[in-house]
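Here the structure comes first, spelled out in structure tokens, and everything after it is commentary.
The values are calculated or read from the model by the stated rules, or taken from the named source; none is laboratory data. Here the structure is a predicted model, which is why all the values come from computation and not from measurement. Neighbour counts run over all protein chains shown; Cβ positions are idealised from the backbone, glycine included.
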């Protein structure tokens with residue numbers, strides 16, 4: 001009997017969202033505890049800690065009873081390329097890195113040994129293991145950016161369906177509805193063009209979490225800017241999985257040709273950045289909605305999109321465009337990193353033309369990510385590539401140099 005996977009989570013395979021509700025509740029509790037801790041003890045702090053001593057104590061306690069352990073070297077097939085590129089670069093430099101295993105399974109926590117001590121990090125060496133922050137909370141970021149006069153898609157967070165419908169009348173259609181803390185476009189619906197679609201979109205979002213965001217839909221291309229140490233901004237475009245017709249080949253043949261690229265791994269493969277386009281039911285339905293099938297023959301130079309969302313594991317293209325980015329737009333990304341005072345930040349940005357200034361077109365910063373898939377800049381499908389693993393480790397070594 002086939003498994004009934006949630007269609008709004010694919011390609012992530014889920015049959016239930018109960019754990020997401022539990023995680024949401026735990027996150028609220030943890031954030032509350034840290035607010036109390038900061039209120040009680042921050043006035044007495046003489047320095048600003050760059051790591052979380054509470055996390056270190058938890059790790060040491062769990063390690064002592066065998067719940068977690070550190071492995072060196074880790075199994076590369078079980079680690080996402082976002083982190084794997086830094087493990088490979090560390091090995092080339094002779095820097096020792098260990099990966100954490102929780103109950104025998106790899107998690108996204110690591111540590112490296114430099115200047116006679118271990119340093120904990122999440123995924124990327126510039127991302128230290130610190131207390132929970134609001135930087136990945138969509139509404140906190142949206143409100144903070146708006147307060148500081150950055151371009152955003154106007155919107156709010158809701159728990160109640162009726163309140164969202166009332167606000168929709170104020171905003172006007174089209175709209176976007178998404179979970180407040182979701183990722184990979186899970187349970188996101190856009191564009192929402194009327195009341196009936198809005199009600200259905202809210203239902204989809206509430207399956208994922210008890211809170212959702214509704215915001216104005218902004219037309220444009222999706223770009224990911226990654227800022228390293230508040231001074232280097234790398235930019236790429238994420239384009240929905242597609243094929244381009246040659247006038248004679250079927251869509252099926254064109255997909256197979258594109259999937260033959262050795263840089264593209266399987267849909268669920270972790271140690272790769274680019275993925276093959278799955279010829280599954282979702283793609284079949286998307287083609288059907290366009291009046292097409294896998295046997296259809298597109299015209300020469302006709303681009304056929306095969307999915308609704310630009311997701312890496314669904315075969316989306318990554319187009320490096322750092323040097324093409326307008327200087328004023330690049331400066332915008334640097335100002336965001338400085339505003340949040342982050343060593344590493346990914347910025348999802350919508351605009352029609354990255355070569356034009358953001359001041360000359362409709363644009364929106366959708367959200368920021370403190371643990372971005374930075375490997376997209378190192379392994380794009382098209383355009384310029386950057387050795388981000390080297391760039392990041394250069395910064396890390398400089399940051400921890402006692403003579404610096």
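A few remarks follow.
- Set 259, 221: member being farther than 17 Å from residue 82 by Cβ, within 19 Å of the chain's Cα centre (by Cα) and surrounded by fewer than 18 Cβ atoms within 10 Å (Cβ to Cβ): 221
- Annotation for region 142-149: at least one member residue is closer than 23 Å to residue 374 by Cα, under 20 Å from the mean Cα position of the chain (by Cα) and modelled with pLDDT of 90 or more.
- Exclusive hit being farther than 20 Å from residue 122 by Cβ, in contact with a helix residue (DSSP H, G or I) (Cβ under 9 Å, 6 or more places away or on another chain), touching a residue at least 24 places away in the same chain (Cβ under 8 Å) and buried (at least 19 other Cβ atoms within 10 Å of the Cβ), set 305, 333, 349: 349
- Where strands (runs of 3 or more DSSP E) sit wholly within region 118-231, those with at least 2 residues that are touching a strand residue (DSSP E or B) at 6+ places or on another chain (Cβ under 6 Å) and in contact (Cβ under 8 Å) with a residue 60 or more places away in the chain occupy 212-216, 221-228.
- Positions within region 83-128 being on the phi > 0 side of the Ramachandran plot, at pLDDT 85 or above and surrounded by fewer than 14 Cβ atoms within 10 Å (Cβ to Cβ), in sequence order: 94, 115, 116
- Against the conditions (1) loosely packed, with under 12 Cβ neighbours inside 10 Å; (2) more than 21 Å from residue 190 (Cβ to Cβ); (3) outside the structural domain of residue 336 (by TED's automatic domain parsing), residue 288 satisfies every one except (2).
- Every test in (1) surrounded by fewer than 18 Cβ atoms within 10 Å (Cβ to Cβ); (2) within 16 Å of the chain's Cα centre (by Cα); (3) modelled with pLDDT of 85 or more is passed by residue 163 save one, and that test is (2).
- Residue that is farthest from residue 372 (Cα to Cα), among those in region 75-99 that are without any contact (Cβ under 8 Å) to a residue 40 or more places away in the chain and out of contact with any helix residue (DSSP H, G or I) (no Cβ under 7 Å at 6 or more places or on another chain): 94
- Some residue of region 380-402 being outside the structural domain of residue 85 (by TED's automatic domain parsing), in a loop (DSSP other than H, G, I, E, B) and under 16 Å from the mean Cα position of the chain (by Cα): yes
- If you go through region 325-356 and pick out every residue that is out of contact with any strand residue (DSSP E or B) (no Cβ under 9 Å at 6 or more places or on another chain) and part of a loop (DSSP other than H, G, I, E, B), you end up with 4.
- Test for residue 210: is it in contact with a helix residue (DSSP H, G or I) (Cβ under 9 Å, 6 or more places away or on another chain), outside the structural domain of residue 361 (by TED's automatic domain parsing) and within 30 Å of residue 162 (Cβ to Cβ): yes
- In region 261-283, residue modelled with the highest pLDDT [restricted to those that are under 15 Å from residue 240 (Cα atoms) and assigned to a helix (DSSP H, G or I)]: 283
- Evaluation of residue 318 against the conditions (1) touching a residue at least 12 places away in the same chain (Cβ under 8 Å); (2) under 29 Å from residue 11 (Cβ atoms); (3) surrounded by fewer than 18 Cβ atoms within 10 Å (Cβ to Cβ) shows that the sole unmet condition is (3).
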